[in-house]
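**Student:** Please see the structure below; I have some questions.
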Amino acid sequence: MFSTEVKVGRIPVTGVQPSVQCGAVPAKAVIGEDVPVRATVFREGHDRLGATAVLYGPDGTEVQRVRMSEGAPGLDEYRATLRPGSVGPHTFTVEGWSDPFATWHHAATVKIEAGVDVELMLAEGGALFRKAAADPERSEADRSVLARAVRGLEDSTRDTAERLAAADDPDLAEVLAARPIREFVSASPAYPLDVQRALAGRGAWYEFFPRSEGAVYHPESGTWSSGTFTTAARRLPAVAEMGFDVIYLPPIHPIGRTHRKGPNNTLEAGPQDPGSPWAIGSEEGGHDAIHPELGSAEDFAGFVARAEELGLEVALDLALQCSPDHPWVTEHPEWFTTQVDGTIAYAENPPKKYQDIYPLNFDNDPRGLRRAVLKVVELWIARGVKIFRVDNPHTKPLWFWEWLIAKVHRRHPEVVFLAEAFTRPAMMHALGRAGFQQSYSYFTWRNTREELAEYLHEVTAVTPAYYRPNFFVNTPDILTEFLQFGGPAGFKIRAVLAALSNPMWGVYAGFELFEHVARPGAEEYADNEKYEFRPRDFEGAQDRGESLAPFITRLNAIRRAHPALQDLQNLTLHTADNEEILVFSKSRRHQPEGQRTAPADVGPSGAVFPGVPDAEALAASLPGLADTLIVVVNCDPHAAREATVSIDTQALDLRPQDLDAEGRFEVEDLITGARWRWGEQNYVRLDPFMEPAHVLRIVRED
């Protein structure tokens, strides 16, 4: 039998976004982020209607209420922006409602101009405002304004136009904007929104190998002394000075000897070759142990403490795989895949082979294996790690990640998981829905203007509710052809694109030194640090003017100073008549229009989570003003390019006072300090051997 229960509200509300799997999975957000909300709201007939987005905090109380505005004409789409001010599980709804004031005002204006039902329409307006004044939630000041409107409409000593004008009083408009007259309010279902701390969706990452920082080669004996946590900590001030928020470490565990890889992934390692950190486990321990050459647990604690002093948070690699020497191989052989010849299968990513690694098999003993992994994660959390970069999560079952991340978050809601998943889109997106807050991305291989524009639209407008990309410019595994052959300009271009288009970006050490020599026929570094010590002369390169560190420092300073750069979904693409010129803008208002915000704690239990500077606090330094940047990038590292840039000025949050008599506005280049007057059409010339990009701040005055 069919149910006769009505499923549609009096004012239908459909197509609510953000929604992941029809609300079965919470959409992602970070504290202080602008979260775009959309819905289709409509009704029968011609009466006017309105819509409101309402945000509820972790305790179920209303914390924000925002009047929605109409989108494209004729599509019944309404839009608003919510800005969560606390961490924890939120929900939001969209309320559709009949707007009797807008309905009356439209009808009254049309009829009175035509001389039809004049007194009737004025009387109906008076009755409407009397009813609104009877609302017990209204203040005496509101009632006074409404009463004045009634008197104006009913004052027969004035002419008709003057009487109708009483309904256009700015004070009345303010009263009705703050508390609209609403009838037939119909709410959508509640949709979940998982609001997490800033570093879950913002931040600049820097990766280095602790063993290389302070490593010393002894030519007389041909041997190496490994760097330690103590020597690696000496690099931390320079990383902090460049403006990074996260220091990411590859695995720091004991490394196996069996099938240890030598330089450049050779199959034979010499006695001095340190092996790949991802070949985890030896007689000295497994995932719970620290490589003895790096130091002790106390030394690691000192490294974490020093990072915290400098405003850095330590991220650690979680690589769920083992060397043949890992204790789990003998203690739990059922956790691996045994082949028909009795041997354990090693890892492969054809044509790549990893003879020094055994992958785990989560189908043989799922309960035992998940308990062991949870124990490892809990151990490192206790040692001060709150961010895990998960290696190859796409080679493990999705159910496991959903279980592990949920389990960890119940006890430690501040913990962040980054998926290192360079794989098919379906799996990358599924990992986000399973709980990963952020992921590596295809940005690494998007180089042309067309490729970049398409990808930026995808990650900022199509998938952000469940997939949040971290734009790494390079990794120990990936040295793209663009960097191999793009010269210093290529490095600048990639840094600008990653740092300014996305609130999360990452750099692997050596990028600032323009390291670009690849192993022949591969997209990997020659003399790859995965297989050998690689100390670097960072200070010497900077003294010689051969370092990108000052430019990176400037980019990160711009990121920190401009709240518009700390949101993901506020990017607008503009056009240029040169196929190598990419143009985008990002804008953020001090507070979304029409928003009422209730006080909220920072965390669900009053906890204050560390992270990057809060975008809301930064925006508060611009009271009443928007923060807007326009970024113009020459994607060609080999030649100067000229173009006419066409700007969609509607995306720039411009006020009348921001424009001169010719409709132009002032911009300042945050790289060079130059200033220009810009408008809808603008000429640019970008020489990559000088500066390959304009980073333009719209200059606004109170």
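The values are calculated or read from the model by the stated rules, or taken from the named source; none is laboratory data. If you're wondering where the values come from, they're calculated on a predicted model, not measured in any experiment. When we count neighbours, we look across all protein chains shown, and the Cβ atoms used for this are built from the backbone with ideal geometry, even at glycine. Each accessible area value is taken on the protein alone, full model and side chains, heavy atoms only, with ligands, DNA and RNA left out. Shrake-Rupley method; radii C 1.70, N 1.55, O 1.52, S 1.80 Å.
**Student:** Tell me, what is the percent relative contact order of the stretch 37-137, built from C-alpha pairs under 8 Å that lie six or more residues apart? Present the calculation step by step, with values, prior to reporting the outcome.
**Tutor:** On the way: 146 pairs, mean separation 28.2, N = 101.
It rounds to 28 percent for the stretch 37-137.
**Student:** What FRET efficiency would be calculated for the residue pair residue 119, residue 62, taking the C-beta separation as r and a Förster radius of 51 Å, to the nearest 0.05? Working shown, then result.
**Tutor:** Values: r = 41 Å, r/R0 = 0.80.
FRET efficiency, residue 119 to residue 62: 0.80.
**Student:** Right, next: For the stretch 450-532, what relative contact order do you get, as a whole percent, if you take Cα pairs closer than 8 Å and at least 6 residues apart?
**Tutor:** 35 percent.
**Student:** With 26 Å as the limit, write out which pairs from 7/28; 28/586; 28/386; 396/586; 396/530; 353/530 have Cα-Cα distances beyond it, or answer none.
**Tutor:** Values: 7/28 28 Å; 28/586 20 Å; 28/386 18 Å; 396/586 37 Å; 396/530 23 Å; 353/530 15 Å.
Where the Cα-Cα span goes over 26 Å, the pairs concerned are 7/28; 396/586.
**Student:** In addition: Classify the stretch 1-56: rounded, prolate or oblate, from the alpha-carbon gyration tensor (a ≥ b ≥ c, eigenvalue square roots; a/c under 1.5 rounded; otherwise prolate if a/b is larger than b/c)?
**Tutor:** Here the stretch 1-56 falls in the oblate category.
**Student:** Using modelled amide H (1.01 Å from N, peptide plane; none on Pro or chain starts), what sits under 5 Å from the amide H of residue 255, excluding residues fewer than 5 places away?
**Tutor:** When sequence neighbours closer than 5 places are left aside, the close amide H contacts are 281.
**Student:** Continuing with the same structure: Take every Cα pair under 8 Å in the chain that's 6+ residues apart, average their separations, divide by the length, and report that relative contact order as a whole percent.
**Tutor:** 12 percent
**Student:** Report, by chain and number, residues whose modeled amide H sits under 5 Å from the one on residue 81, excluding near sequence neighbours (fewer than 5 apart, same chain).
**Tutor:** 37
**Student:** Around residue 399, under 13 Å between beta carbons, what's the net of Lys plus Arg minus Asp minus Glu among the other residues?
**Tutor:** Result for the local shell: +3.
**Student:** Considering the options 217, 195, 233, tell which one lies farthest towards the positive end of the dipole of the stretch 134-248, charges being +1 on Lys and Arg and -1 on Asp and Glu at the Cβ, about the Cα centre.
**Tutor:** The residue sitting farthest along the positive end of the dipole is 217.
**Student:** Measure off, as a whole percent, the carbon and sulfur share of the 1.4 Å-probe accessible area of the chain, all protein chains present.
**Tutor:** 52 percent
**Student:** Okay, next question. Charges at C-beta only: +1 for Lys and Arg, -1 for Asp and Glu. How large is the resulting dipole of the stretch 91-208 about its Cα centre, in Debye rounded to 20?
**Tutor:** 300 debye
**Student:** Please list 3J(HN,Hα) in residue order for the stretch 77-94, calculated via the Karplus relation 6.51 cos²θ - 1.76 cosθ + 1.60 where θ = phi - 60°; whole Hz, with x for glycine and proline.
**Tutor:** Along the stretch 77-94, the couplings run 8, 10, 9, 7, 10, 9, 9, x, x, 9, 8, x, x, 9, 9, 9, 10, 10 Hz.
**Student:** Here are several values of volume of the Cα convex hull per residue in Å³: [x] 210; [y] 370; [z] 198. Which one was derived from the coordinates shown?
**Tutor:** Matching entry in [x] 210; [y] 370; [z] 198: [z].
**Student:** Kindly write out, for the stretch 498-512 in residue order, the coupling ³J(HN,Hα) from the Karplus curve 6.51 cos²θ - 1.76 cosθ + 1.60 (θ = phi - 60°), rounded to whole Hz, with x marking Gly and Pro.
**Tutor:** 5, 6, 10, 8, 9, x, 10, 8, x, 9, 9, 3, x, 4, 5
**Student:** Okay, moving on. Give me, ordered by chain and number, the residues 5 or more places off residue 320 or on other chains with an amide H under 5 Å from its own placed amide H.
**Tutor:** For residue 320, the qualifying residues are 391.
**Student:** Follow-up. Measure off 7 Å from each Cα along the Cα-to-Cβ vector at residue 378 and residue 160, then give the distance between these two points in nanometres to one decimal.
**Tutor:** So the label points at residue 378 and residue 160 sit 7.9 nm apart.
**Student:** Given +1 on the Cβ of Lys and Arg, -1 on the Cβ of Asp and Glu, and no further charges, what dipole in debye does the chain carry about its Cα centre, rounded to the nearest 20?
**Tutor:** 1120 debye
**Student:** Mind checking which of 17, 540, 379 is farthest towards the positive end of the chain's charge dipole, using Cβ charges of +1 (Lys, Arg) and -1 (Asp, Glu) about the Cα centre?
**Tutor:** Result: 379, furthest along the dipole toward the positive end.
**Student:** A further question on this structure: For the pair residue 448 and residue 5, how long in nm is the line joining their label points, each one 7 Å along Cα→Cβ?
**Tutor:** About 5.4 nm, to one decimal.
**Student:** Which distance in Å, rounded to a whole number, links the C-alpha centroids of the stretch 457-488 and the stretch 290-363?
**Tutor:** A separation of 25 Å, based on Cα centres.
**Student:** Sticking with this structure for a sec: I need the phi-derived Karplus couplings for the stretch 155-172: 6.51 cos²θ - 1.76 cosθ + 1.60, θ = phi - 60°, integer Hz, Gly and Pro marked x.
**Tutor:** Computed from phi, the couplings for the stretch 155-172 are 7, 6, 7, 9, 6, 4, 4, 5, 5, 5, 5, 4, 7, 9, 4, x, 5, 5 Hz.
**Student:** Along the charge dipole of the chain, pointing to its positive end and built from +1/-1 on Cβ of Lys, Arg, Asp and Glu, which listed residue (478, 628, 395) has its Cα farthest out?
**Tutor:** Positive-most Cα among the choices belongs to 395.
**Student:** Only four residue types carry charge here, +1 at the Cβ of Lys and Arg and -1 at the Cβ of Asp and Glu. Report the dipole size of the stretch 229-332 about the Cα centre in Debye, rounded to the nearest 20.
**Tutor:** With only Lys, Arg, Asp and Glu charged at Cβ, the dipole is about 320 debye.
**Student:** I'd like to check one number: the per residue accessible area of the chain, probe 1.4 Å, reported in Å² as a whole number.
**Tutor:** 43 Å²
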